[in-house]
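Heads up, the thing below is written out as structure tokens.
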Amino acid sequence: MKRHSLKDWLMATRPWSFPASAMPVAVTLAYLYWMEQEMNWVNGVWALLNIIVFHAAGNTWSDYFDYRQKVDTQDSFSVKTLIDHQFEPKEIFRLSLGLLTVALTGGVGLLLHTGLPLLYIGIGGMACTLLYPTLKYRALGDVVIFLAYALLPMLGTAYATTGIIDWSTMWVALPVGLITVAILHANNTRDMQTDRRAGIRTLAMNLGGRASAFLYCVEILFPFGWLIGCAAKGILPWWTLLTFPALWAAWGNVRRMVRFPSSGTQVIVGVDELTAKLQLLFSLLLTLSFVLARLFS
């Protein structure tokens, strides 16, 4: 069996995707700071690191089953970790189990520092990780991503840092979560042909090209309108409109996606990566806006 460096193992986890899980936690911490909640920052950082490990486990778990299901092939746009035999399937499977063990251990430790509600949130997160391949193949991947990278981590972070299940975090979970889901939706829209050949179903396939492109545009544009509405109602500070420079990047993605039904797959190659960068930019600006709103209130 081929020997691998630490860098090889790290790259197998797809670290470039980690902002998708880390930024919702960062936004939550900034939101709670703006709300002037009494916070345990150690637990907040702990939650941030733990969800990144969960994300790494989920990536490798998904890669293993996508390879087994022949969803990832040489002519697909997927990562080539297993396809190019950089790693053997059993190595990725063991890596995933190891990461899950670390994440579970960290979650139990955080649970002991907080309380029982975190157990239920953690069970939900674990279920999302383990069941993601099965649910993704049945057109439920978008729902799982929203749960795993918006609703659950933001509620969990709020509870870990304040001791309260704070449902008000959903005001920011929706915009951040929609853009995160759009990363997967862009990927699935691009991969409709290869996914159909593999015998799986995704939401993009069920909708078809035109409706799928429209949904993607809604997912990345609606968050900006949502923030305007929340600011106008006094739910969120006007500082959150500092996210609007990210609208330029979103509009660039929209212009590419609307060409997909007539121009074909090649026009949206790379849109998933651009959407991930959009999510990072939007979330960073939203995080900054809450900090500034607190400092200058």
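Checking each residue of the range 31-42 against the condition of being out of contact with any Ser or Thr (no Cβ under 8 Å at 6 or more places or on another chain), in contact (Cβ under 8 Å) with a residue 24 or more places away in the chain and within 21 Å of Ser62 (Cβ to Cβ) gives no match. Filtering the range 249-270 to residues that are modelled with pLDDT of 95 or more and within 21 Å of the chain's Cα centre (by Cα) leaves Ala249, Ala250, Trp251, Gly252, Asn253, Val254, Met257.
Flag: Trp16 does not match the condition of being part of a helix (DSSP H, G or I), crowded, with 19+ Cβ neighbours inside 10 Å and at pLDDT below 95.
Scanning the range 205-227 for residues that are of a type in the set (Phe, Trp, Tyr), crowded, with 24+ Cβ neighbours inside 10 Å and either at pLDDT 95 or above or within 21 Å of Ala293 (Cβ to Cβ) (or both) turns up at least one hit. Mind listing just one residue for me: the one in the range 83-97 that is out of contact with any Phe, Trp or Tyr (no Cβ under 6 Å at 6 or more places or on another chain) and either touching a residue at least 40 places away in the same chain (Cβ under 8 Å) or aliphatic (A, V, I, L, M) (or both) and, of those, nearest to Ala158 (Cα to Cα)? Step by step, filter the range 83-97, then rank; the result is Leu97. Mind checking which helices (runs of 4 or more DSSP H) fall wholly inside the range 54-151 and carry at least 3 residues that are of a type in the set (Val, Ile, Thr) and farther than 24 Å from Ala198 by Cα? Output list reads 89-113.
I want to confirm something. Restricting to the range 185-202 and keeping residues that are surrounded by fewer than 24 Cβ atoms within 10 Å (Cβ to Cβ) and aliphatic (A, V, I, L, M), which single residue is nearest to Asp272 (Cα to Cα)? So, considering only residues that are surrounded by fewer than 24 Cβ atoms within 10 Å (Cβ to Cβ) and aliphatic (A, V, I, L, M), the one nearest to Asp272 (Cα to Cα) is Met192.
The values are calculated or read from the model by the stated rules, or taken from the named source; none is laboratory data. Please read all numbers here as calculations on a predicted model, not as lab measurements. Cβ coordinates were reconstructed from backbone atoms using ideal geometry, including for glycine residues, and neighbour counts include every protein chain displayed.
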